[in-house]
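The values are calculated or read from the model by the stated rules, or taken from the named source; none is laboratory data. None of these values were measured; they are calculated from a predicted model. Neighbour counts run over all protein chains shown; Cβ positions are idealised from the backbone, glycine included. Just so you know, the surface numbers come from the protein's heavy atoms only, side chains and all, with ligands and any DNA or RNA stripped out. Shrake-Rupley method; radii C 1.70, N 1.55, O 1.52, S 1.80 Å.
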Amino acid sequence: MKRRHVGWIAGAAAAALVAAGAITYAVAEDTSGGSAVRTPTAESADAGFARDMAVHHQQAVEMSYIVRDRTKNTEVRRLAYDIAQTQANQRGMLLGWLDLWELPKVSPKPPMAWMGMGDMPERGDGSLMPGMATNTELRKLQSLNGEQAEILYLQLMTDHHKGGIHMAEGCVAKCTVGVEKRLAQGMVDAQQSELQVMAQMLKERGAKPRS
């Protein structure tokens with residue numbers, strides 16, 4: 001059962017990579033001059049989501065490559081590789097859209113201000129948005145091996161996906177560029193499926209999500 005799940009994730013990752021160019025060009029068409037569609041502004045949900053999710057995704061990529069070096073378990077390594085490839089690809093699209101729209105990749109406003117959550121207290125220690133691991137947690141992951149590393153990675157990535165889903169749902173509700181909204185919905189669907197896989201992996205190791 002679990003191999004079918006991980007295999008499905010690998011297929012989804014491959015499909016995302018194949019679709020990347022088409023999605024990028026579709027965004028250009030989506031904002032290229034129709035009377036009802038305009039290029040997003042720097043203050044828009046479209047730009048805010050692209051900036052914040054690019055940062056959020058970067059940490060998922062980092063954690064995934066850390067655990068690939070800390071365990072020999074084939075299924076965890078495959079899951080980590082799929083997450084890293086998918087989220088690195090999506091991050092590239094998000095940053096590419098900001099370039100396409102000629103918008104800055106950083107904002108003077110706090111993270112998630114575009115969701116009306118700019119006054120949300122940060123966890124600090126490198127955790128800028130919901131679900132992000134702290135620098136201390138990343139250092140701990142780097143210090144572990146084998147099953148201990150697998151468990152912490154799965155727990156951290158579970159939290160990370162939950163925060164990412166919340167942000168992607170915000171874009172589905174607030175973004176105006178159709179292709180970006182569809183990408184966000186795809187993130188929600190894929191990460192919800194991965195949450196189920198990770199919950200099963202934790203159970204097999206006598207552990208469970210932290211929250």
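Farther than 22 Å from residue 69 by Cβ and at pLDDT 95 or above - does that describe any residue in the range 132-154? No, the range 132-154 contains no residue that is farther than 22 Å from residue 69 by Cβ and at pLDDT 95 or above.
Taking the listed residues 51, 70, the one that is in contact with a Phe, Trp or Tyr (Cβ under 9 Å, 6 or more places away or on another chain), of a type in the set (Lys, Arg) and outside any helix (DSSP H, G or I) is 70, with no other qualifying. Pairing each residue of the range 99-110 that is among the β-branched types (Val, Ile, Thr) with any residue that is at pLDDT 95 or above, provided the two are 6+ apart or on different chains, yields C-beta distances under 8 Å for 106/51.
Looking across the range 48-70, just one residue is of a type in the set (Val, Ile, Thr) and open to solvent by less than 10 Å² (accessible area, probe 1.4 Å), and that is 67. Taken over the range 38-77, the residue count meeting the criterion of being in contact (Cβ under 8 Å) with a residue 24 or more places away in the chain, farther than 22 Å from residue 172 by Cβ and not hydrophobic (A, V, I, L, M, F, W, C) is 7.
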